[in-house]
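K.L.:
Let me begin by handing over the structure; questions about it come next.
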Amino acid sequence: MTQRVLSRTRLRAGQEAAYEQLHVAIPPALVERLRAAGVTNWSIWRDGQDLVHLIEVDDHRAMRRSLAEDPVNVAWQELVNPLLEADDDYSGDDDGIPLVWALDGQA
């Protein structure tokens, strides 16, 4: 079953345009690595400096572990992290933002 994980990051002031430009098209090799790690979709919304990520993935923790030292992802993070207030090194047991309620499952 696919997991849907919501997470957030925050841009450094003034980095909004650079972040969006970087994401016009991510490198094909990164797309391959994400898919190999079980990601079926990853969407990002921006509200000012706040970024909200919806990640659809087979196993979120396993995906993060597999990408933590992947050279393609490490190179991508070296481009993205300077634009963010806090680096993401893919370590730890991040489970994203906890779900409180969803219309799905309501009678």
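K.L.:
So, in nm, how far is label Val100 from label Ala25 when the simple model puts each one 7 Å beyond its Cα toward the Cβ?
P.N.:
Those two pseudo-labels are separated by 4.0 nm.
K.L.:
A further question on this structure: Work out how much length Trp45 to Leu6 would gain on full extension: take 0.36 nm times their residue separation and subtract the Cα-Cα distance, in nm to one decimal.
P.N.:
Numbers: separation 39, 0.36 × 39 = 14.04 nm, distance 1.10 nm.
Here the segment from Trp45 to Leu6 would lengthen by 12.9 nm.
K.L.:
I would also like to ask the following. Mind putting a number on the dipole of the range 1-104 about its Cα centre? Charges go on the C-beta only, +1 for Lys and Arg and -1 for Asp and Glu, and I need it in Debye to the nearest 20.
P.N.:
Values: 10 positive and 19 negative charges, 30 e Å.
Here the range 1-104 has a charge dipole of around 140 debye.
K.L.:
Do any GluC sites (Glu not before Pro) in the chain lie in a DSSP loop with no more than 16 other beta carbon atoms within 10 Å, and if so, which? List each step's numbers first, then the result.
P.N.:
On the way: sites: Glu16, Glu20, Glu32, Glu56, Glu69, Glu78, Glu85; in loops: Glu69, Glu85.
Passing both the DSSP loop test and the Cβ count: Glu69, Glu85.
K.L.:
For the chain, what does the relative contact order come out to in percent, with C-alpha contacts under 8 Å and a separation of six or more?
P.N.:
Working: 138 pairs, mean separation 40.8, N = 107.
Value for the chain: 38 percent.
K.L.:
For the residue pair Asn81 and Glu16, what label-to-label distance in nm results when each label sits 7 Å from Cα along the Cα-to-beta-carbon direction?
P.N.:
2.6
K.L.:
Give me the 1.4 Å probe accessible area per residue for the chain, excluding ligands and nucleic acids, in Å². Provide the component values of the computation, followed by the final result.
P.N.:
Working: 7140 Å² over 107 residues.
Value returned for the chain: 67 Å² of accessible area per residue.
K.L.:
Ordering Val74, Val100, Val5 by accessible area with a probe of 1.4 Å, largest first, what comes out?
P.N.:
Values: Val74 55, Val100 140, Val5 15 Å².
So the residues, ranked largest to smallest area, are Val100, Val74, Val5.
K.L.:
Between Ala68 and Asp88, what is the label-point separation in nm under the 7 Å Cα-to-beta-carbon projection?
P.N.:
Taking the two extended label points, one gets 1.6 nm.
K.L.:
Kindly give the semi-axes, whole Å and largest first, of the ellipsoid equivalent to the chain, taking each as the square root of 5 times a Cα gyration tensor eigenvalue. Don't skip to the answer; put the middle values down first.
P.N.:
Values: eigenvalues 103, 68, 33 Å².
One finds semi-axes of 23, 19, 13 Å for the chain.
The values are calculated or read from the model by the stated rules, or taken from the named source; none is laboratory data. All of these numbers come straight from a predicted model, not from anything done at the bench. Glycine gets a Cβ as well: all are built from the backbone with ideal geometry, and neighbour counts include every protein chain shown. Please note that ligands, DNA and RNA were not included when accessible areas were found on the heavy atoms of the full protein model with its side chains. Shrake-Rupley method; radii C 1.70, N 1.55, O 1.52, S 1.80 Å.
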